[in-house]
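For reference, the structure discussed in these notes is given below.
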Amino acid sequence: MSTLTASAGERLAALRWSLLFGNFVIGCGVMVVAGSLNDLTRSLDVSVAVGGQLITVAAVVMCVGAPLLAAAVGGIDRRRLLAWSLVWYGIGHAVCALAPNYALLTPLRALTMLAAAVFTPQAAAAVGSLAPPEQRGRAITFIFLGWSVASVFGMPLHSFIGETFGWRYAFALVGALGLVGAAWVWNVVPDGVRPPAMSLRAWREVFTHPVLMAIVVVTALSGAGQFTVFTYFAPYYKSVLSAGATEISLLFAWFGAFGVVGNVLLSRHIDRVGASRVVALLLAMIAASLLLWPLGRGFASTALILVPWALALFAANSAQQARLGEAAPALAPALMALNTSAIYLGQAVGAAGGGAIVAAHVAAGDTGRAVYGAIHWVGLGWVLAALALSVWADRRMRGGQAF
């Protein structure tokens, strides 16, 4: 019995690591535009605000695609679904690297990111269905460490490659990683993993349950607040802090390193502390960084201000996924898809809103810090709204309103 238990534990661990790497690849692809935005806008002769809308376009596609594709792929074996989605992702980024202009890059980027709409929620649902109930929260948050690791290695690497060799090489790197991830998932994920397909009645239950939908909206509000500012990190560092390629890469690496620390701590303690309480703490930490943002007048002060936000950035999304998985395990595939959709909706709203603010300041003739002066206040407003709604949902759950 102990041998069988150990063997099952080893298989689950191997599965978790392969899905973590898959999320690392997905995170690298999501972040590649932000990391290489300076060279991309220069190479394709578009403004920073227009270039940033590549994030918005992709996020909209992923937002809409996640729940729709979740319904469409419900009965497909997860080994094949997850592996082929990474193949699509890898080939799509390679093709994007060859795009001759912004007009063609935009639809190619959108089509490529459909794979992200499939992989992230379905990976979470798959590992959640295979893990014992007492380990479900930890298993889900563990695979989301991939996003944190992407911010440590992927984002600064994209930034360095973009500034040194060009954005096309950064996209090509994601393409290669996608194929590696597909091979790993194919070799590790067992056959026959098919979480039950969601019925129309189950989808209706999800959409009409006020607490579950409130938790999903928390994710969207949080993402909007963060991506109002996060999307424009690279040009902000360059124009406001006068940071070069190495300094920009270091700031991204610093941000990502604390992101990994935050997710590791989350994975170890979430089942003991409780997902709802953790989410409230993490949102408060993000709000603190956005509140202090104007005090970042140089490299060192900005790095310090980023620490609370970095600790909470990816951990907050991981905790939200675990929170939904615990609230209604039977509805996990739908909830994971909707929460992933909310992540990308928040990114789209935040990137678009931040871009509009930046464009307005540029049109008014502002330069330097004045171009980005208002975006952190808008971001803070979104995050505070997320915190208030999260607290409300937690109180309703404790009152017996969840499943």
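The values are calculated or read from the model by the stated rules, or taken from the named source; none is laboratory data. A quick note: this is a predicted structure, and the numbers were derived from the prediction, not measured. With ideal geometry, Cβ positions are generated from the backbone for all residues, glycine too; neighbour counts draw on all protein chains shown. Surface areas here come from the heavy atoms of the whole protein model, side chains and all, with no ligands, DNA or RNA. Shrake-Rupley method; radii C 1.70, N 1.55, O 1.52, S 1.80 Å.
Here are some notes:
Yes/no matrix, rows are residues, columns are (1) within 18 Å of the chain's Cα centre (by Cα); (2) not in a helix (DSSP H, G or I):
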{"site": "235", "(1), (2)": "no, no"}
{"site": "242", "(1), (2)": "no, yes"}
{"site": "248", "(1), (2)": "no, no"}
{"site": "251", "(1), (2)": "no, no"}
{"site": "260", "(1), (2)": "yes, no"}
{"site": "269", "(1), (2)": "no, no"}
{"site": "306", "(1), (2)": "yes, no"}
{"site": "311", "(1), (2)": "yes, no"}
{"site": "319", "(1), (2)": "yes, no"}
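- Listed by position, the helices (runs of 4 or more DSSP H) inside region 123-204 whose residues that are touching a His at 6+ places or on another chain (Cβ under 6 Å) and in contact (Cβ under 8 Å) with a residue 40 or more places away in the chain number at least 1 are 167-188.
- When residues of region 151-162 are limited to those that are modelled with pLDDT of 80 or more and touching a Cys at 6+ places or on another chain (Cβ under 9 Å), the one surrounded by the most Cβ atoms within 10 Å (Cβ to Cβ): 158
- Criterion (over 23 Å from residue 257 (Cβ atoms), modelled with pLDDT under 90 and of a type outside the set (Asp, Glu)) met by exactly one of 368, 296: 368
- Among the candidates 325, 354, the residue that is within 17 Å of residue 224 (Cβ to Cβ), buried (at least 24 other Cβ atoms within 10 Å of the Cβ) and touching a residue at least 60 places away in the same chain (Cβ under 8 Å) is uniquely 354.
- When each of 116, 124, 103 is tested for being at pLDDT below 95, among the small types (Gly, Ala, Ser) and closer than 16 Å to residue 179 by Cβ, the lone residue that passes is 116.
- Screening the candidates 37, 81, 104 for the property of being surrounded by fewer than 20 Cβ atoms within 10 Å (Cβ to Cβ), among the aliphatic types (A, V, I, L, M) and more than 17 Å from the chain's Cα centre (by Cα) yields one hit, 104.
- Checked against the criterion of being open to solvent by 10 Å² or more (accessible area, probe 1.4 Å) and either more than 23 Å from residue 355 (Cβ to Cβ) or out of contact with any helix residue (DSSP H, G or I) (no Cβ under 8 Å at 6 or more places or on another chain) (or both), the candidates 73, 61 yield just one match: 73.
- In region 269-283, the residues that are on the phi < 0 side of the Ramachandran plot reach residues that are among the β-branched types (Val, Ile, Thr) and open to solvent by 30 Å² or more (accessible area, probe 1.4 Å) with C-beta atoms within less than 8 angstrom, at least six apart or across chains, in these pairs: 280/391.
- Scope region 285-304; condition more than 23 Å from residue 146 (Cα to Cα) and open to solvent by 20 Å² or more (accessible area, probe 1.4 Å); matching residues: 288, 291, 292, 294, 295, 297, 298, 299, 300, 301, 304
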